[in-house]
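Enquirer: This is the structure I have questions about; it appears just below.
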Amino acid sequence: MLKSKTILVLVLAISLVMGMFGFGMAAERQFVAIATGGTGGTYYPLGGALAQMLSNYVEGLIVTAQSGNASVAN
């Protein structure tokens, strides 16, 4: 019982400190490219959908899908 309360207090304290330092800082943008298959294949639309979802829901992250040789290159 005491151990779980200690862990809870520790987690809350860490969250509070991280929240205090997180405000006022400009979000740094990060760019990520997902390598997919050719534009006519299955993996390109899948990679595009994944890139759009990540860009929409992860703050400061810009993801694009890039066509490539996919499994042929491997």
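Enquirer: Going by the conditions given, is L61 surrounded by 12 or more Cβ atoms within 10 Å (Cβ to Cβ), modelled with pLDDT under 90 and of a type in the set (A, V, I, L, M, F, W, C)?
Expert: On the way: surrounded by 12 or more Cβ atoms within 10 Å (Cβ to Cβ): yes; modelled with pLDDT under 90: yes; of a type in the set (A, V, I, L, M, F, W, C): yes.
For L61, the condition - surrounded by 12 or more Cβ atoms within 10 Å (Cβ to Cβ), modelled with pLDDT under 90 and of a type in the set (A, V, I, L, M, F, W, C) - is met.
Enquirer: Could you check region 25-58 and list, in sequence order, the residues that are assigned to a loop (DSSP other than H, G, I, E, B) and more than 22 Å from V72 (Cα to Cα)? Step through it out loud before you land on a result.
Expert: First, pick out the residues of region 25-58 that are assigned to a loop (DSSP other than H, G, I, E, B): 25-29, 37-42, 58.
Across region 25-58, the qualifying residues are M25, A26, A27, E28, R29, V58.
The values are calculated or read from the model by the stated rules, or taken from the named source; none is laboratory data. These figures come from a predicted structure and were not determined experimentally. Here the Cβ is made from the backbone with ideal geometry for all residues, glycine too, and neighbour counts use every protein chain on show.
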